[in-house]
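Step one of this worksheet: look at the structure below.
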Amino acid sequence: GGNMNTARGQFADSGIQTAALAAGGNSGPPFNANESEEYNGSSWAEGNNLNTGRRDITGTGTQTASLAFGGQSPATAKTEEYDGSSWSEQNDMPATGFQMAGAGIQTAALGFGGYKAGVAGYGGDTTLEYDGTNWTAGGDLNTGRGTPGESGNAAAALVAGGSSPSITPKTESWNGTNWTELNDLNVTRTRLGGTGSNTSSLAFGGETPPNTAATEEWNSGIATGAWVTGANLNNPKGHGAAAGTA
């Protein structure tokens, strides 16, 4: 596809393949970018900036109704909503968090895992639920982790890989209340991309280390699910971002 206008990593991603959104990130320097860009299936166009520039930020939702939360600028609990034109600040998360995973839509979202300010090397197990106004605590992950791959929505999500603090292949499924451990990834990795639903998902790229091009497809057809090898990315990469379905 067409290149982004501003090269960056560690940004918030949301939307689908033909209508995606990228916000914030690390464009090094500045390390805490605030630019947004919209993708139409072939090219990127500049959108309005975030109110707070940051990296390691999490995004979910659609291009015209996106949610961006957490990140480092330094570490922050800030939440912002995008209406297709501009970003507005909303109620903060209960605590700072960065390199979290996110799933769902702007009015019904999950934020889970990640790292907390001042706790070096700790992969958090916290799950937070957003109702469009406030954040509340949900059931904890079985394996705390930062920088995992994720997919699904606020009622049915999937998380795979990440750092806990060592790199983990573990996969868990969310049923709206609790997380359940399922079968592991075939390639143990962190900082990977994830997209789709909790029954039909992709996991691709990431760091093993080094960076990998491996792609895996989630098959939920057996009781504890299974990851099946798919076609590799054209280029190995870490800090993957993703939008769309599997």
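When GLN63 is evaluated against the numbered criteria (1) within 17 Å of the chain's Cα centre (by Cα); (2) free of Cβ contacts under 8 Å to residues at least 12 places away in the same chain, which criterion, by number, is the only one it fails?
(2)
Return yes when ASN49 is surrounded by fewer than 18 Cβ atoms within 10 Å (Cβ to Cβ), more than 17 Å from the chain's Cα centre (by Cα), closer than 20 Å to GLY9 by Cβ and among the polar types (S, T, N, Q) and no when it is not.
Details: surrounded by fewer than 18 Cβ atoms within 10 Å (Cβ to Cβ): yes; more than 17 Å from the chain's Cα centre (by Cα): yes; closer than 20 Å to GLY9 by Cβ: yes; among the polar types (S, T, N, Q): yes.
So ASN49 passes the test.
Inside segment 196-227, can you point out the residues that are over 20 Å from ALA242 (Cα atoms) and either basic (Lys, Arg) or assigned to a strand (DSSP E or B) (or both)?
Correct list: ALA226 only.
Applying the selection to segment 157-195, what residues are part of a loop (DSSP other than H, G, I, E, B), crowded, with 17+ Cβ neighbours inside 10 Å and of a type in the set (Gly, Ala, Ser)?
Answer for segment 157-195, where residues must be part of a loop (DSSP other than H, G, I, E, B), crowded, with 17+ Cβ neighbours inside 10 Å and of a type in the set (Gly, Ala, Ser): GLY161, GLY162, SER164.
Report yes if some residue within segment 196-204 is open to solvent by less than 20 Å² (accessible area, probe 1.4 Å) and either closer than 18 Å to GLN10 by Cα or among the hydroxyl-bearing types (Ser, Thr, Tyr) (or both); otherwise report no.
yes
Quick check: is even one residue across segment 44-54 free of Cβ contacts under 8 Å to residues at least 60 places away in the same chain, within 29 Å of THR143 (Cβ to Cβ), among the aliphatic types (A, V, I, L, M) and assigned to a loop (DSSP other than H, G, I, E, B)?
Filtering segment 44-54 down to residues free of Cβ contacts under 8 Å to residues at least 60 places away in the same chain leaves 44-54.
Going one step further and asking which of them are within 29 Å of THR143 (Cβ to Cβ), we end up with 54.
Keeping just the survivors that are among the aliphatic types (A, V, I, L, M) gives none.
The answer is no, given that none of the residues of segment 44-54 is free of Cβ contacts under 8 Å to residues at least 60 places away in the same chain, within 29 Å of THR143 (Cβ to Cβ), among the aliphatic types (A, V, I, L, M) and assigned to a loop (DSSP other than H, G, I, E, B).
For the subset of segment 136-156 comprising residues that are of a type in the set (S, T, N, Q) and over 13 Å from the mean Cα position of the chain (by Cα), which member is surrounded by the fewest Cβ atoms within 10 Å (Cβ to Cβ)?
Initial filter on segment 136-156 (of a type in the set (S, T, N, Q)): 136, 142-143, 147, 151, 153.
Still in the running and over 13 Å from the mean Cα position of the chain (by Cα): 136, 142-143.
Numbers: THR136: 10, ASN142: 14, THR143: 18.
Selected residue: THR136.
Which residue pairs have Cβ atoms closer than 8 Å, lie 6 or more positions apart in sequence or on different chains, and pair a first residue in segment 105-117 that is on the phi > 0 side of the Ramachandran plot with a second residue that is in a strand (DSSP E or B)?
Filtered contacts from segment 105-117: GLY113/ALA101; GLY113/GLY146; GLY113/VAL159; GLY114/THR58; GLY114/PHE98; GLY114/ALA101; GLY114/GLY146.
The values are calculated or read from the model by the stated rules, or taken from the named source; none is laboratory data. Remember, predicted model here, so these are calculated numbers, not experimental data. FYI the Cβ positions are ideal-geometry reconstructions off the backbone, even for glycines, and counts take in every protein chain you see. Remember, those area values only see protein heavy atoms, side chains included, never the ligands or the DNA or RNA. Shrake-Rupley method; radii C 1.70, N 1.55, O 1.52, S 1.80 Å.
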